[in-house]
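Peer 1: Below is one structure. I have some questions about it.
Nothing in this text is a laboratory measurement; each read-out follows from the coordinates by a stated rule. Keep in mind the model is a prediction, meaning the values are calculated, not measured. Cβ placement follows ideal geometry from the backbone for every residue including glycine, while neighbour counts extend to all protein chains displayed.
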Amino acid sequence: MTTFEKLLENYWFVKELNPDNYNMVKQDLTTETQDFIKNKLGYKLIVNPYLIKLEKIPGKPQSFMGIQSFDTKLEYIFLCLILIYLEERTKGEQFILSGLIDYIQNIILEINLEDIKIDFTIYSQRKSMVKVLKFIKEIGFIKIYDGDENKFAENIENDVLYEVTGISKYFMRNFATNIADCESFNDIFENEQLGLEQDKGKERKQRVYRRLFTENVVYKENQEDQDYNYIRNYRNAINQDVDKMLQSTLEVHKNGAYILLVDDKSFKNVFPANNGISDVTLFINTLISEKVKTGELKPQINDLIYISKIAFGKVVREAKNRYSKGFSKEYREMQEEKLQDEIVKYMKQFDMIRESKETEEYIIMPICFKIIGKYPKDFENKN
């Protein structure tokens, strides 16, 4: 994996957590890589004695761009409150979990958020808190000095002693303006665009590069879609950069563009992947592609397919009946309703399926026709 790929794949490299990785990335950081990050992506690269961090800002925010281990809004609230708590503490300072819990409960009362009800006597909230504590421990904010946070989930009386590393102050980026003046997420995102080059040509270029390198696919939303048109017009130059930085290729189709990784690339969160749900999804895509060819499913404008949730459930059932002999045991034996939920959740993560707010239907995206799966002939012959 190249240095750029490591920067793209990881949130940061903390010297205290893994000095070998930190030193390797710092040593291998070339001028060419730094120029690409600055000029093509418009990103800030932080290199200091404590950590190396590429501040990855999306060109267009997507629902899958959150913390992968988080499932609820409450977990993000806990994270923000913990960041405030740690801001007031110095490196090496110790604190106990019960003290942090008291702080969170008090600050919630002070700011009086009517729609947020925090009650740590509720098991699900303690479980969410433990999930956040594990995340900040893994990323390097804190170290456990004594105890086990898992026991807190079981009983609120169980305590843990932590030590502050001082790294948390680098987690949040410096915003271009005071976000206290923002009234919505859109205000924050519009202010973030101030971080892009003010030259309109460079602004579009950096936004497009950010989208290609952080999104699974950049769709053509309409005929005037500036981002897609930029990709189409400059595909050769962009492909050269993709080849240089990722040793991969840019695929441009009539309704979307994406980076196709070579087989030996191993990233954490890509499709297809070497796991059970990815295999199942490939065969869902195969079946969708077949139904398009036979006319059973009819793409509309921009090759979008609108399908009722009941009809999509039938696609899942048919795929399971036809292809499950090669599924992992978990998905082969899974109940159809749960299997459908798992598939939809996974496909949403890679922008292969969306939900229509107007009709409550699923919208199957064009990428599904491009990435399909089939069993090797020797497997088919054996079965």
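Peer 1: What pairs in LYS6/LYS338; LYS73/LYS137; LYS314/LYS348; LYS254/LYS320 have C-alpha atoms more than 24 Å from each other?
Peer 2: LYS6/LYS338; LYS254/LYS320
Peer 1: In the chain, with Lys and Arg counted as +1 and Asp and Glu as -1 at Cβ, which of these residues, VAL130, GLY326, GLY92, has the Cα nearest the positive end of the dipole, that is, farthest along it?
Peer 2: Among VAL130, GLY326, GLY92, the one farthest towards the positive end of the dipole of the chain is GLY326.
Peer 1: Here's another thing I want to ask about it. Compute log10 of I(q)/I(0) for the stretch 276-382 with the Debye formula, placing one identical point scatterer on every Cα and leaving out solvent, at q = 0.22, 0.24, 0.25 Å⁻¹, to two decimals.
Peer 2: -1.27, -1.49, -1.60
Peer 1: Could you tell me how far the Cα centroid of the stretch 6-54 sits from the Cα centroid of the stretch 276-355, in Å?
Peer 2: Cα centres, the stretch 276-355 to the stretch 6-54: 38 Å.
Peer 1: Quick test of the membrane-span-like rule: which DSSP H helices of the chain reach at least 27 Å along their long axis (C-alpha atoms) with mean Kyte hydropathy at least 0.0?
Peer 2: In the chain, the long hydrophobic H runs are 276-294.
Peer 1: What value, in deg cm²/dmol to 500, does the helix sum -39500 (n - 2.57) over DSSP H runs of n ≥ 4 give at 222 nm once divided by the residues of the chain?
Peer 2: Computed mean residue ellipticity for the chain: -14000 deg cm²/dmol.
Peer 1: Another one. Could you sort 70-81, 287-298 so that the peptide with the highest average Cβ count within 10 Å comes first and the rest follow in order?
Peer 2: Averaged packing, sorted descending, gives the order 70-81, 287-298.
Peer 1: Divide, for the chain, the radius of gyration over alpha carbons by 2.2 N^0.38 Å, where N is the residue count.
Peer 2: For the chain, the normalised Cα radius of gyration is 1.11.
Peer 1: Here's another thing I want to ask about it. So, with +1 on the Cβ of K and R and -1 on the Cβ of D and E, and no other charges, what is the size of the charge dipole of the chain about its Cα centre, to the nearest 20 debye?
Peer 2: 1480 debye
Peer 1: Place the peptides 8-17, 22-31 in order of packing, highest mean first, counting for every residue the other Cβ atoms within 10 Å and averaging per peptide.
Peer 2: 8-17, 22-31
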